[in-house]
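To start, the structure under review is shown below, and the notes come after it.
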Amino acid sequence: MANSDAPQTAPKSFQEIILRLMSYWASKGCAVLQPYDMEVGAGTFHPATTLRALGDKPWAAAYVQPSRRPTDGRYGENPNRLQHYYQYQVLIKPSPPDLQELYLGSLAAIGIDLELHDIRFVEDDWESPTLGAWGLGWEVWCDGMEVSQFTYFQQVGGHDCKPVAGELTYGLERLAMYVLGIDHVMDMPYNDPSAPIALKYGDVFRQTEQEYSRWNFDVADTDTLLRHFEDAEAECGRILASDDTDDAGRKIIMAHPAYDQCIKASHLFNLLDARGVISVTERQAYIGRVRTLAKACADAFVRTEAGGAQPDEAAA
Amino acid sequence: MPDLLIELFSEEIPARMQARARADLQKLITDGVVDAGLTYAHAGTFSTPRRLVLAIEGLTANSPTLREERKGPRTDAPEKALDGFLRATGLSKDQLEIRDDKKGQVYFATIERPGRPATEIVAEVLEHAIRNFPWPKSMRWGAGSLRWVRPLHSILAILSDEAGATIVPLDVDGITAGDSTRGHRFMAPDAFTVGGFESYARQLKLAKVMLDPAERADTIWHDAQQMAFAKGWEVVEDKGLLSEVAGLVEWPVTLMGQIDDEFLDLPPEVLQTSMKEHQKFFSVKNPKTGRIEGFVTVANRETADHGATILAGNQKVLSARLSDAKFFWENDQRMIKTHGLEGMAAGLDAVTFHNKLGSQGARIRRIESLAREIAPLVGASPDLAAEAARVAKADLRSEMVYEFPELQGVMGRYYAKSASLDDRVADAVRDHYAPLGPSDDVPSEPVSVAVALADKIDTLTGFWAIDEKPTGSKDPFALRRAALGVIRLVLENGLRIKLNTRPSPFSKAAELIGTRDDSFADTNEILSFFHDRLKVFLKDQGIRHDVIDAVLAMPGSDDLTLVVKRAEALSETLKTEDGANLIQGFKRANNILTQAEEKDGVEYSFGADVKFAETPEEKALFAALDAAESQIAPAMEAEDFAAAMAAMASLRSPIDAFFEAVQINTDSEVIRRNRLNLLSRIRQICLSVADLTKIEG
């Protein structure tokens, strides 16, 4: 099972693990994309996953996605929790029959010796109520630790995924801490520890964790956030209500700009949640509002050429 | 006769679905082959995370040839009738037979349905089973449209006998059945062919796959106990966890580790919850200290270092989780030290309970007032009950419960103790959620009972007030469970609370909620909701529905303890011969009386006098009624309904004798009226415990 083209040496730093994942998935034919330039809660929100999982066009992409979960902020003190962290995301459509083997190869590539560790696929069905998406799969355990999510997408934005995309999500900090044998995330070498200027994760992120934790929990102005939420929601609707055809007669459906507003609304909701101003019942209503946006964006995307509509159909 | 072996090899099947899937596979295949005319001697099923297996012994090789005889038209019938018959049977005219019938000569056809080979039948049945498998959740993958629990990779399907194995000819969406499988994902991933079940199981074992889930569970449990025993420890038994863990591995390797000393002071519930829910570890207890000090984890493989790396990894994950837990525990303790438990609870003002019912904080203030009201009814100190209510949900603001929601209440009790609150208050914090399920223990400490009742009554009243009542199968706020909780709290503690008599707990709760229209609190709406729950509850205890109806028709039916006392007494009496016959006597008396009352337009309710009694039976009945009444009155006073019912049952023979000997209707109006008034005494006595007119039969 060991992957012959993967280096078996132990990586030395957080960034080396990312680089190895990049080159591994590149070698398996994935387009290596860059992070999406907006605040998101998880790599799934990147349009390269959410939207590209729709329609029948084949797709294979891998990327790092900085992700924000305001409620998980711990001022940089908790060894395992961060309000800003990185996910590594792979999406391949249609899911290849050897996706599990490909995935195991990626673990070998980052220095996990599959002959010594206990890798397990433990049931974990994925559902994103905000994206109107769900899939079946597992959380992958390495010696009892969850190192990845492995999901076969069944539905996104209320649309059946046909063909089905296979999604792999690695929680990079946790995985790297395990591979590098680090107990506190802030102690993890970010670059090579023997580099002239060796930086630890804490050197890069402790300051920001403190600042954002305070802002997320205590300072963010809830009225402003709420207003922005409503603005994003309105703008999303406005974009999608526009004519398919512009003034020059070009047919351009603006699924992505609309989806940006959906992403914004989702993140603003997370910030409001961290501020503790959203009640249990209100939560459901907010999630429903974001889902409505996500569905509308998915409806728009499947009418575009990238979304699988035939060119003449898209032009019609 | 050949044996059949089927293996459906897929990506990892969720552990919780495997047992059901084994049964479903067996049923689908055996039912299918039997319907097609095959028989078999024995069937067995197995599963691992990656395979679902059915082995059938002694399957018939072919289904039998069936002959069917069909009667056709008469030989002198028009040509068209014969043509139709030939078309229907698929035969030609010379294949028909002519027989003599009552009305002349008739064509007969003998149609032969040839038997089919088992391979063909199995192929059809298996394909149907795969395409229609009742997984609780199934999925598509790749570009295909087939559904399975996770991607299906291969199908092994062979019929084997002494002569060798035959592959069942089957192709399901591009997956062609064959005679090969694979071993353990990591330890023996190569494919190999099998010739039958025996070689399959043997080769699998060589390929590090233990096929039988029961064998895996036994191995795990045996090894775990051995390891614990060697250290003088004991594994905490958990059958659910054992079967789950057995469903997660093909080759179980049991490993035991020690919990770091720094975590041993955490509450055992925290250790156990964290280990079981997150890691699927068994807890291991040190009987000398009574603490959980170790864990058992089950790996899916052997390694060159005998599991050292795996154990170290698991240990590390556990330590990370427990240091999280410890961090929460210490933060929570700090919070309590500086702000008290009530300080922690203060945060609940910012948490909405329901947008029409205010914040959790507001709800707690209502529960506090309600608990204070209820306390004297249940023998609790109002101040303690109020104090317990104030802090009962404080732990919802704790970091520990945020992380482990299943520990709500349990943590609250620890935190109440940290805050040096009264033990009764601390216990009430833990127990006020109870009972949750029908088998949950019901608290008996009065402070706990007061808060538990207040909590549930506030919930019920609140959702009633905003018209969020349960409908049909929908009960999003678990109001049925809350009502059953109130019922069990009342009954099992023998509480005497009038739910519907103002000032009732419900009218008080409605007042606290500030609902404008609180009429539901004393109309029969909430009460009949309770009565419905009570009926279900009592039916489960073996009390007949008509008995329940008979007692619910009595006054004071909002006093559930009284209702049940009556029901039990009546139920017991009906089981005796006298009791059952008394009902007949009563009904006869009641029918005659009711008819007479309707006819005469009066109510016969007073004035039966023994001096107008004519026959000895009539006089005896007077005496018996006097005697019974003298027993029933004090029994009713003491709510000794069993004694009251026994006294009633003793009336059975005098009543029977009376009806045997006496005609109610006589020429003398005085005597007739006296007899009707006598019947009225029977009715009055018999209706004192329950409305016997509602008893069936």
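Output the direction-averaged projected area (hull surface divided by four) of the convex hull of the alpha-carbon atoms of segment B:1-91, in nm². Don't jump to the answer; show the numbers that get you there.
Details: hull surface 35.9 nm².
That works out to 9.0 nm².
Computed with a 1.4 Å probe over protein heavy atoms only, the accessible surface of segment B:213-330 comes to 41 Å² per residue. Accessible area buried by the pairing of A and B, both sides summed with a 1.4 Å probe, works out to roughly 3900 Å². Debye-formula intensities of segment B:213-330, expressed as log10 I(q)/I(0) at q = 0.12, 0.22, 0.23 Å⁻¹, are -0.40, -1.31, -1.41 (one equal scatterer per alpha-carbon, no solvent). One decimal place: the segment B:Ser145-B:Lys239 gains 30.1 nm when fully extended, by the rule 0.36 nm per residue minus the C-alpha distance. Using the Kyte-Doolittle scale, which helices in chain B average at least -0.5 and also have C-alpha atoms spread 20 Å or more along the helix axis, with helices defined as whole DSSP H runs? Length and hydropathy pass: B:15-35, B:308-346, B:360-378, B:446-465, B:524-540, B:560-575, B:616-637, B:669-686.
Using a 1.4 angstrom probe, figure out how much accessible area segment B:571-694 has per residue, in square angstrom, rounded to the nearest whole. Kindly include the intermediate steps, with their values, before the conclusion.
On the way: 6180 Å² over 124 residues.
With all protein chains present, segment B:571-694 gives 50 Å² per residue.
Taking A:Thr50, A:Thr222, A:Thr169 as the candidate residues, the one with maximal mean-square fluctuation in a Gaussian network model of chain A, Cα springs under 10 Å, is A:Thr222. Taking only the C-alpha atoms of segment B:125-185, Rg followed by Dmax gives 13.2, 41 Å.
Across the alpha-carbon set of segment B:186-264, the Rg to Rh ratio works out to 1.10, Rh being the Kirkwood radius. Our helix-only sum for the protein assembly as shown, with -39,500 (n - 2.57) per DSSP H run of n ≥ 4 divided by its residues, gives a mean residue ellipticity at 222 nm of -15000 deg cm²/dmol. What the Cα convex hull of segment B:66-113 gives, in volume per residue, is 64 Å³. Using a cutoff of 8 angstrom between alpha carbon atoms and counting only pairs six or more residues apart, the relative contact order for segment B:571-694 works out to 41 percent. Rg then Dmax, both in Å and based on the Cα atoms of segment B:138-270: 20.5, 66.
In the complete set of protein chains, residue-level accessible area for B:Val689 is approximately 0 Å², probe 1.4 angstrom.
At the listed q of 0.06, 0.09 Å⁻¹, the Debye profile of the protein assembly as shown, built from one uniform point per Cα, gives log10 I(q)/I(0) equal to -0.68, -1.16. Across the cross-link table entries A:Lys57/A:Lys251; B:Lys393/B:Lys498; A:Lys12/B:Lys280; B:Lys393/B:Lys474, which are compared at the Cα atoms, the separations over 22 Å belong to B:Lys393/B:Lys498; A:Lys12/B:Lys280; B:Lys393/B:Lys474. The separation of segment B:304-356 from segment B:442-480, counted between C-alpha centres, amounts to 29 Å.
Calculate the all-directions average of the projected area of chain A's alpha-carbon convex hull, and give it in nm². Each step should come with its number before you reach the end.
Working: hull surface 70.8 nm².
If you wrap the Cα atoms of chain A in a convex hull and average its projections, you get 17.7 nm².
A loss of 50 Å² or more of accessible area (1.4 Å probe, protein heavy atoms, ligands and nucleic acids excluded) relative to the isolated chain is seen in these residues of segment A:152-185: A:Tyr152, A:Gln154. For segment A:45-142, averaging the sequence separation of C-alpha pairs within contact (under 8 Å, six or more residues apart) and dividing by the residue count gives a relative contact order of 19 percent. Rg/Rh, computed from the Cα trace of chain B with Rh as the Kirkwood radius, has the value 1.13. Considering only the Cα atoms of segment B:7-166, their convex hull presents on average a projected area of 14.5 nm². Check cross-link reach from B:Lys205 to the aspartates and glutamates: straight Cα distance under 13 Å, and skip same-chain residues fewer than eight apart. Qualifying aspartates and glutamates at Cα under 13 Å: B:Glu215, B:Glu250. Contact residues in segment B:138-153 by the 50 Å² criterion (accessible area, 1.4 Å probe, full protein complex versus chain alone): B:Met139, B:Arg140, B:Gly142, B:Arg150.
Write down the accessible area per residue of segment A:193-316 in Å², having rolled a 1.4 Å probe over the full set of protein chains. All intermediate terms of the calculation are to be shown ahead of the outcome.
Numbers: 6610 Å² over 124 residues.
Using a 1.4 Å probe on heavy atoms only, each residue of segment A:193-316 averages 53 Å².
What are the residues of segment B:340-354 that lose 50 Å² or more of accessible area, with a 1.4 Å probe, going from their chain alone to all protein chains? Hits at the 50 Å² cut-off: B:Thr352. Pairs exceeding 30 Å between alpha-carbon atoms, taken from B:Lys288/B:Lys417; B:Lys276/B:Lys539; B:Lys208/B:Lys316; B:Lys469/B:Lys535; A:Lys93/B:Lys316: B:Lys276/B:Lys539; A:Lys93/B:Lys316.
Rounded to whole Å, the principal axis extents of the Cα atoms in segment B:285-357 read 60, 35, 20, largest first. For the pair segment B:166-230 / segment B:524-598, the C-alpha centres are spaced 60 Å from each other.
Averaging the Cα positions of each part gives two centres, and for segment A:278-310 and segment B:640-691 these lie 75 Å apart. For segment B:571-694, the spread of Cα coordinates along the three principal axes comes to 41, 28, 26 Å, biggest extent given first.
How big is the convex hull of the Cα atoms of segment B:355-510, per residue, in Å³? Please report the intermediate quantities before stating the final value.
Details: hull volume 17.9 nm³, N = 156.
Cα convex hull per residue, to the nearest whole number: 115 Å³.
If you roll a 1.4 Å probe over chain B with all protein chains in place, what percent of the accessible area is carbon or sulfur? Of all accessible area on chain B, carbon and sulfur atoms account for 49 percent.
The values are calculated or read from the model by the stated rules, or taken from the named source; none is laboratory data. The shown structure was predicted, so the numbers you read here are calculated from the model rather than taken from an experiment. The accessibility values were calculated without ligands, DNA or RNA, using every heavy atom of the protein model including side chains. Shrake-Rupley method; radii C 1.70, N 1.55, O 1.52, S 1.80 Å.
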